[in-house]
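Notes follow the structure.
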Amino acid sequence: MTIAGLGALGALNAKLSWYAARSSGLVAWSVVTLSILWGLAVSTRLVKRKGVPAWLLDLHKFLGTLSIVFVAVHIVALWADNFVYFGPRELFLPMASAWRPGAVAWGIVATYLLVAIQLTSWMMKRLPRRLWHAIHLLSIPMFVLATVHGFTSGADSRNLAVQWVALTGGLFVFLLVSFRVLAPRRRTRAASVRAAARPVPAPPETVPPVETQPDERAFRGRSADQAAKVAELAQIVESAAAAAPVNPH
C-alpha cells in the first residue's frame, strides 16, 4: 500500500465516527417517522384492524425499538468523535454543549421523550390505558423536536435530498395527525345527521275505555228472585210458629 493510500485510510478512520454519527442520526429520524406514520395509520383505521395479521400490528413496536438502537449508535458515535468533544454531560444534559448548545438540546429532549414512549410501549399491558395513551401522544412533540434538531445541528441540512425527505415525512405526519383529530368529530356529526333524518315514529293511538252499563233487565230479575225467596222464608217461619205448642203459665 502506498503512502497516499495510508494517508487516505488514516483520514477515513479519523472521520469514521463523524460519518457514523451523521448517518445514524438520519436513519434514526427516518425510522421514527415511519413508526409514527404506521401508528397513525393503524389508529385512524386507514389499515383495517379487524383480521389484520399479528406481524402488521407488531411492526409499529419493532420500528420504535429500531429507532432506539439507531439513537444509541448516534450517541456513541458522537462520544467517539474527536472533532467536537461530547462527554456524558454534553450528551445528556441540555444546554451543556459548547457546540451549538440550543440545537443539541433539542436532540437531548427528543431522546428522553423517545425513551419514555418506548418504555411505556413495552410495559403497555401493565400500565393504565390513560397513562399509556397520554405518554404515547408525546410522539408528535418528539418528532418535531427531532426534526428541529436535525436541521439546526446536522451537517446535511443543506442537502436537497435530505430536505425533500424531511418535507415529505413531515407533510405525511401532519396529514395523518389532522385526520386522526378530525375523524371522531366527523363520525359524531354523521351520526347526528342520520339521527335527525330518521323519521320519528308516531305515538300509539289510545283507545278510550268503553263504559259498560249494567243490564237493567238482569238487575230487575235478580231483585224479583230475592223478593220471592224472602217471602218464602217468611211463610216458613210463620208455619213453624203456628205449629209450635203453647206452654201454659
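The values are calculated or read from the model by the stated rules, or taken from the named source; none is laboratory data. None of the values given here were measured: they were computed from a predicted structure. Cβ placement follows ideal geometry from the backbone for every residue including glycine, while neighbour counts extend to all protein chains displayed.
Among the numbered criteria (1) surrounded by fewer than 16 Cβ atoms within 10 Å (Cβ to Cβ); (2) at pLDDT 90 or above; (3) among the small types (Gly, Ala, Ser); (4) under 21 Å from SER35 (Cα atoms), which single criterion is violated by ALA183?
(2)
Are any of the residues in the stretch 203-226 β-branched (Val, Ile, Thr), assigned to a helix (DSSP H, G or I), over 27 Å from ILE68 (Cα atoms) and at pLDDT below 85?
Looking for residues that are β-branched (Val, Ile, Thr), assigned to a helix (DSSP H, G or I), over 27 Å from ILE68 (Cα atoms) and at pLDDT below 85, one finds none in the stretch 203-226, hence no.
Going through GLY150, GLY102 one at a time, which residue ends up being at pLDDT below 95, assigned to a helix (DSSP H, G or I) and within 16 Å of ALA21 (Cβ to Cβ)?
Answer to the check: GLY150.
Taking the stretch 1-59 only, how many residues are surrounded by 10 or more Cβ atoms within 10 Å (Cβ to Cβ), part of a helix (DSSP H, G or I), among the aliphatic types (A, V, I, L, M) and at pLDDT below 65?
Of the residues in the stretch 1-59, 6 are surrounded by 10 or more Cβ atoms within 10 Å (Cβ to Cβ), part of a helix (DSSP H, G or I), among the aliphatic types (A, V, I, L, M) and at pLDDT below 65.
Within the stretch 97-115, can you find the residues that are out of contact with any helix residue (DSSP H, G or I) (no Cβ under 6 Å at 6 or more places or on another chain) and closer than 20 Å to TRP38 by Cβ?
VAL115
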